[in-house]
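Below you'll find the structure, written out as structure tokens, and then a few comments.
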Amino acid sequence: MSVNYIPSTFAVLRDTDRCIKCRACERQCSNEVHYYDADFDKMFVHEEQCVDCQRCVTICPTKALAIIENPNSFRKASNYSQQLILENYRQASTGAVLLSSMGNPQDFPVYWDKMLINASQVTNPSIDPLREPMETKVFLGKKHTHINRNPDGTIDMTEQSPQLEIKYPIMFSAMSYGSISYNAHESLARAATELGTFYNTGEGGLHQDFYQYKTNTIVQVASGRFGVSKDYLDAGAAIEIKMGQGAKPGIGGHLPGKKVSDDVSKTRMIPKGTDAISPAPHHDIYSIEDLRQLIFSLKEATDYKKPVIVKIAAVHNVAAIASGIARSGADILVIDGFRGGTGAAPTRIRDNVGIPIELALASVDQRLRDEQIRNEISIVAAGSIRSSSDAVKAFALGADAVYIATPALLAIGCHLCRSCHGAKCNWGIATQRPDLVKRLNPDVAYKRLVNLVHAWDHEIKEMMGGMGINSLEALKGNRLMLRGIGLTDKELQILGIMHAGE
Amino acid sequence: MKRVYVNENRCLGCHLCEYWCAFANSGEDSIVKAFKLNKDAMPRINVEDSGEIHFAVQCRHCNDTPCVKACITGALSVDAEGLVSIDTERCVGCYTCVLTCPYGCIVIDEKNGGKTVTKCELCVKNAGGEPWCVKECINGAIVFEDRSKIL
Amino acid sequence: MNYVIIGNSAAGIGCVQGIRDKDKTGKITIISDEPYFTYSRPLISYWLGNAVTDENMKYRDRDFYEVNNVDTILGKRAVKIDAAVKKVILDDNSEVAYDKLLVGTGSKPFVPPSPGLDETGYFTFMKYDDAKAVKQAVTPGAKVLIVGAGLIGLKAAEALHEYTENITVIDLADRILSSILDEEAATIMQKHIESKGVKFFLGTSVNNFVGKTAHLKNGETCDFDILIMAVGVRPNVELIKDAGGEVNRGIITDKSQAVKGLTDIYAAGDCTESFDTSIGENRILAILPNAFLQGEIAGKNMSGQDFMYVNAIPQNAIGFFGLHIITAGSYSGDDAYEVIDGDSYKKLFIKAGKLVGFILMGKFVAKAGIYTSLIKEKIPLSDIDFNLLKDNPGLAAFSRGRRDKKLAEFH
């Protein structure tokens, strides 16, 4: 043994005047931070094990607890932050790649916060969404340039591409069963069904119990092809090919064998206890042509009835890649920004690879318009859509819809402690431990998800009404509705917006 | 009549219901007072833990009321709705009800050295309305529902 | 319908409740030789010990007779049942006609003859009037001799301890509470009671009384001011016997509580025999819950419903000087589980893979009903986690299915 260089990150404050020693904190902490000492008749803490998930704080019946940052601090330096010093200590003791979870916490510009939304005054009057009809329903898929009519005047649908009809322009993005719990999946599935939108299986396959929600399920096909079968493809309203993820562009995934429980093994269709490794690339995709083959294989397998989605991480040449995908036969493109969440990613990758969704979205939309193929594909923006105003700005930058995951997890109790990779989630979300999974009550959680989307939709309609717009179609790509604030000419140029005051 | 039921799949074994129950029946106006000033506040609900199994149990207010029938003093009684309640003034602490209750739900009141027993009365004598165990369950595991079929 | 109930205690009250469950209008008459509102017999020792007031002696709320529309004939003894003409004859020669009759006459103290006993004078300890008489007689510091270390004798000792520390109890058996405790438990309880100053002479009996002195068979003598005879009880079966009903030690009934050999006459409580399912034989289960339940079943059947009294087992819950005992079932088994921890004692008796009886004392009495239910429901121990249950009585030891049935459904 040698000295441990790493001080605890957090300090646990307990108001002993209030603490009644009910020990609920102790029973509910999977990190075993709290403990009772009978000799002292007092609660104590192992604060070095605390991840600041706030479970104890939240359930404490007397509100006796608070978690704060450990006031202990290393000597300040702008170049070497305490975080960096600790990471080096950690690696020196383990020799391992640093792992992190959820979205990039570093101080990169958030362009959503540097864009302002327009509102009507005097001319082009604003609309009161409580009085006037307001359309936020969206159809995702290829829009053909011309249509043929039947003799009776109706549109000949046989020539149209399959569309994904969503009642709200908000879907739940891919989170696999394995990365999140059974109860979390159930909550998402039930919420999507009640809302008339979609949730996404992620790359972990679809648990048999959830086939009943098929009309609101997007099934994902990723490089590991876990759980992919004819039944699985048929169980989706759309099929998503995952080429990349915003939080970890360019790398694959690794679910350790110990997390491959009986149920996960069945769902992923791999032996129990074996590591589930998603390769970095799809080993059969080295070109847009290869991607097109997979897209059409999937369409062939499902009678051309389901839209095929291609999801890519936002990276440097995203516009050119998107152009290729729009020509590959895909119906919907998902662009996932670098601030998007993850259940586990190497820290350096998460914090340093990829580009912001705002810039990627604007440049892709512009490129496809310039090439006159914007109608060939719908665009879904993902990777840190944090609020309804982020969503409105995404629509104005050209998104047809948005994917949300972190806000969905927040709705069901996530406190963003960013410890998912520890698999001991105290909120029953990012864990497979039955005693922890139990803590997420789907009966409660799905209603919270429904509430969240309803609330966002109200706000979106309110903002649209303010702009004098009564249909999402009229907001889409309407960059005149946005102005930049504190942005450089180059940033404004990429975003395709004017500066505030212009 | 509405009764309290626990969903074992949802019960986390946090034992908070016991504390809220004790508070609700303590006569104090805050849970801190109930435990700081009134040290032996007794819960009438009990969480059983066995490995991964947890569930809260309290008087079922069952149809048979063996405790009421066995009570030697008339302290235990059942009203027309089916609510089984105890008049602790009349209880002599013979524990015949403890002997009889198949759910183990008659609680010996340690607060008075076991001189009487006590039991869940669905919070009708304190704050009323929804029982506190139901109100404060952090996982929606304890519910207050009418599951009796009209016979 | 005209119901008549002889006896105003647990069986009679159970009968009223059983009748009124269905028949809200039939005429009900309770006859009792005691002049009191229904009171709880087991409470007389608490009353004597000033732990219960006169008001709280009442077994039911003050308005019980009005609410249930019951007529009472109190202070008169039923001396004869004329089953042929369906009449009860009282000690003042008045007659009460019935359509359905319940006999809940209870039991009376059994006092074995002893030379000098009648001359010296004694108390028994069964009824309110007995307790009143003792209270009248007892003075602070009085010397008390109690013959019989059973439930009644020791409850009397506990009550009298409020007045005097000079109490002696003698019993022919070599241990106290021999009808409900085994040796270990009896020893613990005896030590506990002795620690309060009560003296015991066990394994001996009174040879004869001379004035206020008892001469014991073991040669000892014992002076007293107050003598309480609590050797045992005998069921009051004479009314039924004379009317031609079947009587063994107690009155014999079928499972609907109807007296065998008579029509429209039922019996319940301490005067009857019950089928003890823990041993599979008839015996007298002279305990209040049993009396109430039998009375209730009788009442239901008298009012035209169809109910059977099953699952009777011996069971006792009682405490002396703060140490509690809960026992049930039979103590014959082929296996047992035993724990002793200070004053606390637990013994579970197992026979053919099922729990058949238990003795619990001190801290082990909590949740005893879980064990009782195992005996009554005859649940094979292989169906439950008995390892868990033997130390922690609870529903956790039951299978999920059984537990869900108990907890998730309305019963």
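Just the residues that are assigned to a loop (DSSP other than H, G, I, E, B) and exposed (fewer than 13 other Cβ atoms within 10 Å of the Cβ), please, taken from the range A:277-303.
Hits for the range A:277-303 are A:His283, A:Asp284, A:Tyr286, A:Ser287, A:Asp303.
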Return a yes/no flag: does the range A:75-89 have any residue that is away from chain B (no Cβ under 13 Å), surrounded by 15 or more Cβ atoms within 10 Å (Cβ to Cβ) and closer than 30 Å to B:Cys21 by Cβ. no
For the range A:155-168, the count of residues that are at pLDDT 90 or above, among the β-branched types (Val, Ile, Thr) and more than 23 Å from A:Ser328 (Cβ to Cβ) equals 0
If we keep just the residues of the range C:301-317 that are within 14 Å of chain B (Cβ to nearest Cβ) and buried (at least 24 other Cβ atoms within 10 Å of the Cβ), which is modelled with the lowest pLDDT? C:Gln315
Every residue from the range B:125-146 that is at pLDDT below 90, within 18 Å of B:Asp79 (Cβ to Cβ) and exposed (fewer than 15 other Cβ atoms within 10 Å of the Cβ): B:Lys125, B:Gly128, B:Gly129
Residue check for A:Lys311: assigned to a loop (DSSP other than H, G, I, E, B), buried (at least 18 other Cβ atoms within 10 Å of the Cβ) and of a type in the set (Lys, Arg): no
Checked B:Cys101, B:Cys120, B:Cys91 against criteria (at the interface with chain C (Cβ under 8 Å from one of its Cβ atoms) and either buried (at least 22 other Cβ atoms within 10 Å of the Cβ) or closer than 23 Å to B:Phe55 by Cβ (or both)); the one match is B:Cys101
Within the range A:12-27, track down each residue that is surrounded by fewer than 17 Cβ atoms within 10 Å (Cβ to Cβ) and either assigned to a helix (DSSP H, G or I) or more than 9 Å from every other protein chain (Cβ to nearest Cβ) (or both). A:Leu13, A:Asp15, A:Thr16
Checking the structure you have, find out if any residue of the range A:419-432 is modelled with pLDDT under 95 and within 14 Å of chain B (Cβ to nearest Cβ). yes
Within the range B:4-18, track down each residue that is at the interface with another protein chain (Cβ under 7 Å from one of its Cβ atoms) and crowded, with 22+ Cβ neighbours inside 10 Å. B:Val6, B:Arg10, B:Leu12, B:Cys14, B:Leu16
Can you find, within the range C:337-362, the residue that is nearest to the other protein chains (Cβ to nearest Cβ) among those that are surrounded by 15 or more Cβ atoms within 10 Å (Cβ to Cβ) and small (Gly, Ala, Ser)? C:Gly362
All positions within the range C:117-138 that are modelled with pLDDT under 95 and either part of a loop (DSSP other than H, G, I, E, B) or in the same structural domain as C:Asp33 (by TED's automatic domain parsing) (or both): C:Gly121
With criteria (1) modelled with pLDDT under 95; (2) in contact with a Leu (Cβ under 9 Å, 6 or more places away or on another chain); (3) not polar (S, T, N, Q), C:Lys22 comes up short on (2)
I'd like the residue in the range A:143-175 that is among the small types (Gly, Ala, Ser) and under 34 Å from the mean Cα position of the chain (by Cα) and, out of all such residues, is surrounded by the most Cβ atoms within 10 Å (Cβ to Cβ). A:Ser173
Looking at A:Val444, A:Val392, A:Val402, A:Val453, can you tell me which residue is out of contact with any Pro (no Cβ under 6 Å at 6 or more places or on another chain), assigned to a helix (DSSP H, G or I) and closer than 23 Å to A:Ala314 by Cα? A:Val392
Every residue from the range C:368-389 that is farther than 15 Å from B:Asp49 by Cα and of a type in the set (D, E, K, R): C:Lys376, C:Glu377, C:Lys378, C:Asp383
Find all pairs meeting these conditions: Cβ atoms under 7 angstrom apart; at least six residues apart or on different chains; first residue within the range A:13-28 and farther than 21 Å from A:Gln49 by Cβ; second residue surrounded by fewer than 15 Cβ atoms within 10 Å (Cβ to Cβ). A:Arg18/A:Lys63
Quick one: count up the residues across the range B:19-49 that are touching a residue at least 60 places away in the same chain (Cβ under 8 Å), under 21 Å from B:Cys62 (Cα atoms) and within 11 Å of chain A (Cβ to nearest Cβ). 1
With C:Ile19, C:Ile73, C:Ile13 as the choices, which residue is outside the structural domain of C:Phe125 (by TED's automatic domain parsing), in a strand (DSSP E or B) and buried (at least 18 other Cβ atoms within 10 Å of the Cβ)? C:Ile73
Only listed residue being out of contact with any Gly (no Cβ under 6 Å at 6 or more places or on another chain) and farther than 28 Å from B:Asn46 by Cβ, chosen from A:Gln28, A:Gln49: A:Gln49
Can you name the residue in the range C:318-336 that is within 9 Å of chain B (Cβ to nearest Cβ) and surrounded by 15 or more Cβ atoms within 10 Å (Cβ to Cβ) and is also nearest to C:Arg41 (Cα to Cα) among such residues? C:Ile318
From B:Ile108, B:Ile72, which residue is at pLDDT 95 or above, at the interface with chain C (Cβ under 7 Å from one of its Cβ atoms) and either within 24 Å of B:Glu28 (Cβ to Cβ) or surrounded by fewer than 21 Cβ atoms within 10 Å (Cβ to Cβ) (or both)? B:Ile108
Matching residues in the range A:28-74 (crowded, with 20+ Cβ neighbours inside 10 Å, closer than 17 Å to A:Lys424 by Cα and within 14 Å of another protein chain (Cβ to nearest Cβ)) number 6
Collect the residues in the range B:35-62 that are closer than 19 Å to A:Cys19 by Cα, among the aliphatic types (A, V, I, L, M) and under 17 Å from the mean Cα position of the chain (by Cα), keeping them in residue-number order. B:Ala41, B:Met42
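Just give me the residues in the range C:380-398 being of a type outside the set (Asp, Glu) and within 11 Å of another protein chain (Cβ to nearest Cβ), in sequence order.
Within the range C:380-398, C:Asn387, C:Leu388, C:Leu389, C:Asn392, C:Pro393, C:Gly394, C:Leu395, C:Ala396, C:Ala397, C:Phe398 meet the criteria.
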Test each condition in (1) free of Cβ contacts under 8 Å to residues at least 24 places away in the same chain; (2) within 28 Å of A:Pro129 (Cα to Cα); (3) not basic (Lys, Arg) for A:Pro434 and report the one that comes out false. (2)
Among the residues of the range B:30-53, are any among the acidic types (Asp, Glu), in contact with a Phe, Trp or Tyr (Cβ under 7 Å, 6 or more places away or on another chain) and either farther than 18 Å from B:Tyr95 by Cα or crowded, with 24+ Cβ neighbours inside 10 Å (or both)? yes
It is to be established whether one or more residues within the range C:34-44 are assigned to a strand (DSSP E or B) and either more than 19 Å from C:Lys108 (Cα to Cα) or at the interface with another protein chain (Cβ under 9 Å from one of its Cβ atoms) (or both). no
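The values are calculated or read from the model by the stated rules, or taken from the named source; none is laboratory data. All figures in this text were calculated on a predicted structure; none of them were measured in a lab. Cβ: placed from backbone, ideal geometry, glycine included. Neighbour counts: every protein chain shown.
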